[in-house]
Structures are given as structure tokens and as C-alpha cells.
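The values are calculated or read from the model by the stated rules, or taken from the named source; none is laboratory data. Computed from a predicted model, the values in this text were never measured in an experiment. We place every Cβ from the backbone using ideal geometry, glycine too, and count neighbours over all the protein chains shown. The area values use the complete protein model at the heavy-atom level, side chains included, leaving out ligands, DNA and RNA. Shrake-Rupley method; radii C 1.70, N 1.55, O 1.52, S 1.80 Å.
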Amino acid sequence: MRLLFIIVNALFVAKYSARLFPNLYIYISLAYIFVMIFLLWKVMPWLMDDSNKNKYALVSGITAIVLMLFVQYSINPLELQVDRWSALHYPIKNLLQGIYPYSAQTHLGGYGSPFPAWQLFHIPFYLLGNVGLSFFFCLATFLYLVYKMYGINKMTYTMVLLIISPAIWYEVAVRSDYIGNMLLCASFVIYIIKGISQESIERNRLPISVIIALFVCTRLITLLPVFILLFPYWLKMSVRKKTEVLFIISISCIFIFLPFALMDWHSFFYFEYNPWKLQTRQGHPLLLFIYIPIIIYFAMQWKGNVQQYMRNISLALMIFIVTTFIYRSIDHDNYDLFSSLFDITYFNAIVPFVVLYISMREKGIIMNCDYKQKDYYEKNDRGSRND
């Protein structure tokens with residue numbers, strides 16, 4: 001998993017160093033990989049070894065997050081060649097003026113793909129003048145829940161991993177909402193997974209179903225972590241409860257989508273650049289025959305082991321993104337990963353789950369929440385650290 005973390009971040013180092021230093025980017029990328037190997041295998045375990053070093057790491061992490069805020073505001077968003085921020089900003093501007101939001105174009109002439117719940121979530125940040133601030137809210141939520149569920153050491157370790165990630169700094173600099181979406185999804189997982197049991201899921205199936213619907217109404221990719229987390233429990237429910245969950249999710253989605261659809265029914269469903277088409281155009285329907293068995297396997301295989309879940313969702317997301325990119329390469333006869341055809345920020349979906357896995361595996365602590373039992377327990381087992 002540490003290697004997966006390095007690979008995802010190395011993509012960003014390679015892509016953007018190639019633009020700045022076309023003759024040196026290979027050497028820069030290799031240097032980055034060696035530095036990260038040293039950091040993750042040697043420096044990080046040493047840094048987190050005692051409370052004093054941990055305090056310095058915590059202060060450094062908070063300082064870096066403040067610096068991220070400075071970096072974000074130091075860049076003029078209108079000069080960016082990335083339009084994730086304006087794919088929210090201009091539709092929200094339309095929405096608040098009573099205009100169909102998805103008719104708004106970004107500052108680069110594109111259209112917004114985030115579903116309605118994600119637009120509504122960003123209204124407070126729009127009113128603050130910067131939809132990119134959502135990242136800091138999602139990051140704070142994520143780190144707070146890591147702290148509440150697993151303690152200050154795990155939170156500090158997780159925070160340090162995030163701030164040494166070039167992929168995260170890229171997301172912050174371009175005011176992207178994508179990583180925030182996945183951090184929020186990971187926060188939901190953290191909150192649910194520690195005390196998870198069949199009884200608790202069934203008892204809370206109504207609010208959980210509504211929350212699932214809210215995530216569906218942001219980006220479809222958030223379904224992967226949620227499905228792998230909850231599918232084993234849903235499978236053990238009675239037919240009545242299974243149907244109830246699906247009904248609540250469906251009704252909640254309809255309730256969220258309907259006002260937007262009624263504003264311009266034809267555009268919402270049939271326009272060439274509507275959010276449905278933008279979120280599903282990357283792959284091919286036949287790829288579902290690959291994805292579905294893999295996802296079901298990963299869902300049934302984690303069996304209450306928290307680290308195993310983090311590993312499984314990281315691998316599932318990686319397989320999903322890589323196979324989609326391979327399909328697009330073949331379909332467009334373009335095999336340059338760094339061309340405009342491919343948005344490598346999709347790989348960032350993996351980062352929150354990878355860093356959680358790495359921080360939880362440190363010192364060999366194996367966390368379990370056996371879905372066959374009602375209790376949660378931590379087992380201090382040295383275990384293997386060859387991840």
C-alpha cells in the first residue's frame with residue numbers, strides 16, 4: 001500500500017515536472033520515489049516513535065495546512081487550466097439566481113459534472129467567495145474522525161502522510177473538489193466502521209440509507225467505498241429490510257434530483273454534457289462485467305478487518321480507474337497517460353484510504369470489527385508489516 005501511495009503521487013510529479021523540465025522529469029521522478037521510500041520506511045516510523053516527536057509532527061502538519069490555504073489564495077483561479085472549481089462556482093451562481101445550474105459553463109468552456117447534493121453542499125463556500133475552501137472543511141472532518149476513533153497518534157500520522165503528498169497539494173492549488181468528496185466519503189466510513197455490526201446497521205438503516213443517497217448525489221464513484229463497506233450487512237438482512245433500504249435510497253435520490261430536473265427536464269437528462277453523461281462517459285458498460293465480480297469479492301472478503309477494508313477499497317478504486325484509462329487509451333488510440341485525454345486526479349480517490357491503511361498498520365496494530373459479532377475490539381498483534 002505504501003508503494004501504491006508513492007505511485008499515485010509520482011504520477012503528479014512526473015506529469016508536472018515534465019512540463020517544467022522536459023529533459024529532467026525522469027530524474028526528478030526517480031529522485032522523488034527514492035525520497036518517499038526513505039520517508040515512509042525509515043523517517044515516518046522514527047518520527048512517530050515517541051510523544052515528543054509526535055508533537056513536532058503535529059505542529060508541522062498544522063503549519064503545512066495553513067500554508068496550503070495560503071497557496072490556494074495566492075493563485076488566480078481564472079488563470080488555471082483546471083476547471084473543477086468553476087464547475088461548481090458558476091452552476092451555484094446560476095442556481096442562486098433561479099437559473100438552471102447545469103447550463104452554466106466553466107471558465108474553460110466546459111460544463112459541471114457534480115450531482116445536485118454536491119452543489120448544495122458548496123453553497124456556503126461559494127458565499128465565502130471560494131468553493132475550494134470545501135477541501136479544508138472535508139480535511140478537518142476527516143482528521144477529527146480519525147482522532148475520535150483511533151487517537152492522536154493515528155491522526156498525526158494520517159495528517160503527515162497527506163501533507164507530504166504532491167497529489168493533495170495539487171488538488172489544493174487548483175481548488176479541486178474531487179479529493180474533498182473522497183475525504184468526506186472516507187469520513188463516513190471511519191464513523192461507521194469502528195462499531196459496525198449487523199445489529200447496528202439494521203437499527204440505523206434509515207439514516208444510513210439517506211446518507212448513501214446523499215453520496216450518490218455527489219459523484220457515482222463514492223458508491224464503491226460505501227458498497228464494499230455495507231454490502232455484506234445488507235446481504236444478511238431480511239427481504240423486507242433489503243427492500244426498505246433500496247426504497248429509501250431511491251426515494252431520497254429522487255427527492256434530491258427532482259427539483260433540478262424540473263427546472264429543465266430535457267437538458268438534465270438529454271443534453272450532451274449533462275452530469276449523468278459526464279460522470280459515465282469515461283468507461284464502457286461492458287466493463288461492468290469486470291467491475292461487479294471484483295467489487296463483490298472485495299466486499300465479502302474484508303470480513304471486519306479495518307485494514308483489510310482500506311486495502312480492498314484502495315485496490316478496487318485502482319482497478320476501476322486503471323481499466324477505465326486502458327479502455328479510453330484503446331478507444332482513442334492514445335497511450336500517453338499525461339495527455340489531456342486522461343485526468344490523473346481520478347487516482348486521488350485512492351489517497352484517503354491508502355493513508356488510513358498505512359497509518360493503521362504502523363506498529364503492527366490490527367483493528368477488527370467482526371461483522372459477525374456486535375462488539376469492536378483491537379488486537380495488539382505485531383503481525384506482518386510487508387504491505
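Here are the numbers for the structure shown:
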{"read-out": "Leading residue by the ranking (farthest from the chain's Cα centre (by Cα)) among those in segment 176-197 that are in a loop (DSSP other than H, G, I, E, B) and within 17 Å of Ala117 (Cα to Cα)", "value": "Ser176"}
{"read-out": "So Phe70, is it in contact with a helix residue (DSSP H, G or I) (Cβ under 7 Å, 6 or more places away or on another chain), open to solvent by 60 Å² or more (accessible area, probe 1.4 Å) and on the phi < 0 side of the Ramachandran plot", "value": "no"}
{"read-out": "Residue check for Ala299: of a type outside the set (Phe, Trp, Tyr) and within 26 Å of Pro116 (Cβ to Cβ)", "value": "no"}
{"read-out": "Residue count, segment 90-113 (criterion: out of contact with any Ser or Thr (no Cβ under 8 Å at 6 or more places or on another chain), open to solvent by 30 Å² or more (accessible area, probe 1.4 Å) and assigned to a helix (DSSP H, G or I))", "value": "3"}
{"read-out": "3 or more residues more than 22 Å from the chain's Cα centre (by Cα) and of a type in the set (Phe, Trp, Tyr): qualifying helices (runs of 4 or more DSSP H) within segment 1-72", "value": "25-38"}
{"read-out": "Index of the failed condition, Pro275 passing every other in (1) within 28 Å of Ser197 (Cα to Cα); (2) touching a Pro at 6+ places or on another chain (Cβ under 8 Å)", "value": "(1)"}
{"read-out": "Filter result (under 23 Å from Phe115 (Cβ atoms), more than 28 Å from the chain's Cα centre (by Cα) and of a type outside the set (D, E, K, R)) within segment 234-266", "value": "Leu262, Met263, Trp265, His266"}
{"read-out": "Which listed residue, of Phe289, Phe227, is in contact (Cβ under 8 Å) with a residue 12 or more places away in the chain, closer than 30 Å to Phe342 by Cα and aromatic (Phe, Trp, Tyr)", "value": "Phe227"}
{"read-out": "Any hit, segment 42-59, residues being open to solvent by less than 60 Å² (accessible area, probe 1.4 Å), in contact with a strand residue (DSSP E or B) (Cβ under 8 Å, 6 or more places away or on another chain) and closer than 23 Å to Val351 by Cα", "value": "no"}
